[in-house]
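*Asks:* Before we start, here is the structure in question, set down as structure tokens.
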């Protein structure tokens with residue numbers, strides 16, 4: 001068959017996303033810190049955008065977003081969001097000139113107060129707010145903590161004189177993990193640096209004298225041994241204990257004590273000394289400053305017994321468009337400059353509308369979460385209902401992916417504490433009697449309570465826990481109980497029985 005080239009005309013439909021629509025979707029999943037950084041960058045790039053202080057009044061020279069600046073249908077946005085992963089890189093994004101209509105379907109509902117809704121929400125959030133965290137210069141000052149690397153490099157010059165040894169020590173410091181352990185291969189380091197493996201090991205052993213004691217250890221046993229040697233407590237019995245830490249983890253106390261060759265009192269003292277050591281010496285350095293989580297949504301009891309859900313205005317950037325400056329520039333420039341000014345105006349207009357859209361969507365999702373999980377707010381985790389993204393999406397008539405992005409890194413301040421929005425979602429476990437399903441988190445809490453209430457001589461197995469839950473209507477298998485128990489870092493029934501037996505044997509000795 002001969003090959004030839006020809007021209008064909010095809011007609012089809014495809015879903016595309018403009019850069020503005022991509023920006024609007026991106027803003028949904030940003031937390032308040034990321035959003036503030038994004039808005040700050042836009043303020044630097046766009047001369048028509050101005051930041052409004054919280055106590056500023058509306059100025060006639062500043063305009064709210066134009067209602068006809070390229071609104072996008074929310075259903076199209078949700079579909080585009082769901083299919084965005086299938087679009088090829090570098091695909092051409094034509095400008096979207098959609099008709100003038102509400103940016104979000106159901107915008108009127110978000111503005112209508114109800115029994116569990118907030119006051120009318122404008123571009124900058126809700127109405128009256130509860131007490132806020134006031135600015136505190138001391139609390140808002142980040143603690144300057146030296147990193148582990150800086151702390152070790154400062155000691156390097158005093159320990160090593162030879163330039164080659166310093167180079168090796170610097171490389172070993174770079175290979176430490178966050179806990180201060182050196183778990184790389186010494187031969188690989190020697191190959192990279194072109195030196196003898198014996199020299200690398202010699203430098204490593206000298207570096208193990210650095211502060212904090214235990215850094216540059218290659219495993220937990222060596223880390224604890226270094227600390228015991230510094231305290232002059234690394235005797236033969238303690239050495240045997242360190243060499244058999246796996247038996248201690250398995251709670252094989254009697255066998256381990258016989259290996260160490262000590263009596264019960266001495267062995268108890270050895271365990272006390274071991275618990276005083278630091279298994280992760282490097283974690284005292286290099287942590288990022290602790291950042292206080294600021295809630296995006298507040299909820300408080302309403303006068304009618306319901307809940308009032310409000311946006312946190314402090315987390316919402318206030319940006320306005322300088323319409324007077326735009327009019328001045330439009331009348332004095334032409335050509336390429338005029339196109340640039342119009343582009344800046346459209347971009348600013350879309351940003352302000354996107355921020356308004358983001359605020360309304362967060363409020364709408366927060367209201368629905370509180371409505372669905374009001375039992376959890378009132379009675380605790382045992383009253384948590386099974387809830388999925390689809391349940392919320394169908395209730396507020398949005399796409400699941402939109403709800404997922406709204407809930408990412410967003411927090412709700414409740415009378416019970418501060419919770420991430422994602423913590424309100426929970427899978428369901430079938431009810432044995434055909435009633436409403438049980439939330440997986442609520443079942444985990446019941447398992448924890450059953451284990452916590454065990455009598456000293458009656459340790460419940462996973463099968464016994466499954467049977468107890470089954471009698472109360474929770475249709476759960478033994479392997480599911482084991483999975484939940486392991487996720488909560490609760491030992492098995494055998495390990496719990498050994499632990500309680502050793503505690504009972506140690507109690508008379510202590511007396």
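The values are calculated or read from the model by the stated rules, or taken from the named source; none is laboratory data. Every value quoted in this text rests on a predicted model; they were computed, and no experiment measured them. Here Cβ is always computed from backbone atoms with ideal geometry, including for glycine, and neighbour counts include all displayed protein chains.
*Asks:* Would a scan of segment 259-271 turn up a residue that is assigned by TED's automatic domain parsing to the domain that holds residue 155 and over 30 Å from residue 493 (Cα atoms)?
*Replies:* No, that holds for no residue.
*Asks:* Can you name the residue in segment 398-423 that is buried (at least 22 other Cβ atoms within 10 Å of the Cβ) and assigned to a loop (DSSP other than H, G, I, E, B) and is also nearest to the chain's Cα centre (by Cα) among such residues?
*Replies:* 410
*Asks:* Related question: Looking at segment 242-305, what helices (runs of 4 or more DSSP H) fall wholly within it and have at least 2 residues that are farther than 24 Å from residue 179 by Cβ and over 39 Å from the mean Cα position of the chain (by Cα)?
*Replies:* Values: elements: 245-249, 253-260, 264-275.
In segment 242-305, the matching helices (runs of 4 or more DSSP H) lie at 253-260, 264-275.
*Asks:* Moving on to the next point. Could you go through segment 472-479 and let me know if any residue there is within 22 Å of residue 251 (Cα to Cα) and modelled with pLDDT of 85 or more.
*Replies:* Of the residues in segment 472-479, the ones within 22 Å of residue 251 (Cα to Cα) are none.
No: segment 472-479 contains no residue that is within 22 Å of residue 251 (Cα to Cα) and modelled with pLDDT of 85 or more.
*Asks:* From the list 43, 49, 30, which one is out of contact with any helix residue (DSSP H, G or I) (no Cβ under 8 Å at 6 or more places or on another chain), closer than 21 Å to residue 349 by Cβ, surrounded by 10 or more Cβ atoms within 10 Å (Cβ to Cβ) and modelled with pLDDT of 85 or more?
*Replies:* On the way: 49 fails: out of contact with any helix residue (DSSP H, G or I) (no Cβ under 8 Å at 6 or more places or on another chain); 30 fails: out of contact with any helix residue (DSSP H, G or I) (no Cβ under 8 Å at 6 or more places or on another chain).
Unique residue meeting the criteria: 43.
*Asks:* Within segment 318-336, work out how many residues are touching a helix residue (DSSP H, G or I) at 6+ places or on another chain (Cβ under 8 Å) and either crowded, with 20+ Cβ neighbours inside 10 Å or outside any loop (DSSP other than H, G, I, E, B) (or both). Show your work before the answer.
*Replies:* Of all residues in segment 318-336, those touching a helix residue (DSSP H, G or I) at 6+ places or on another chain (Cβ under 8 Å) come to 319-321, 326, 329-330, 333.
Those left that are additionally either crowded, with 20+ Cβ neighbours inside 10 Å or outside any loop (DSSP other than H, G, I, E, B) (or both): 319-321, 326, 329-330.
Qualifying residue count, segment 318-336: 6.
*Asks:* Sticking with this one: Of all residues in segment 424-439, count the ones that are closer than 30 Å to residue 302 by Cα and either at pLDDT below 80 or part of a strand (DSSP E or B) (or both).
*Replies:* To start, the set of residues in segment 424-439 that are closer than 30 Å to residue 302 by Cα comprises 424-428, 436-439.
This time we only want the ones that are either at pLDDT below 80 or part of a strand (DSSP E or B) (or both), so: 426-428, 436-439.
Matching residues across segment 424-439 total 7.
*Asks:* Could you list, in sequence order, all residues of segment 186-202 that are buried (at least 16 other Cβ atoms within 10 Å of the Cβ) and either under 39 Å from the mean Cα position of the chain (by Cα) or within 16 Å of residue 175 (Cα to Cα) (or both)?
*Replies:* Filtering segment 186-202 for residues buried (at least 16 other Cβ atoms within 10 Å of the Cβ) gives 186, 189-190, 195, 199-200.
Within segment 186-202, 186, 189, 190, 200 qualify.
*Asks:* Could you please find all residues in segment 213-241 being in contact (Cβ under 8 Å) with a residue 40 or more places away in the chain and assigned to a helix (DSSP H, G or I)?
*Replies:* 220, 223, 224, 227, 228
*Asks:* Please work out which one of (1) buried (at least 18 other Cβ atoms within 10 Å of the Cβ); (2) at pLDDT 90 or above is the condition residue 253 fails and give its number.
*Replies:* (2)
*Asks:* Next question. For segment 267-281, check the following and say yes or no: at least one residue is modelled with pLDDT under 85, farther than 30 Å from residue 374 by Cβ, in contact with a helix residue (DSSP H, G or I) (Cβ under 7 Å, 6 or more places away or on another chain) and surrounded by 15 or more Cβ atoms within 10 Å (Cβ to Cβ). Don't jump to the end; show me each part of the working.
*Replies:* To start, the set of residues in segment 267-281 that are modelled with pLDDT under 85 comprises none.
No, that holds for no residue.
*Asks:* Here's another thing I want to ask about it. Hey, among 226, 205, which residue is farther than 23 Å from residue 499 by Cα, at pLDDT 90 or above and buried (at least 18 other Cβ atoms within 10 Å of the Cβ)?
*Replies:* Details: 205 fails: buried (at least 18 other Cβ atoms within 10 Å of the Cβ).
Result: 226 is the single residue among 226, 205 that is farther than 23 Å from residue 499 by Cα, at pLDDT 90 or above and buried (at least 18 other Cβ atoms within 10 Å of the Cβ).
*Asks:* For residue 385, work out the one condition from (1) assigned to a helix (DSSP H, G or I); (2) modelled with pLDDT under 85 it doesn't fulfil.
*Replies:* (1)
*Asks:* What's the number of the only condition in (1) buried (at least 16 other Cβ atoms within 10 Å of the Cβ); (2) over 23 Å from the mean Cα position of the chain (by Cα) that residue 362 fails to meet?
*Replies:* Failed condition: (2).
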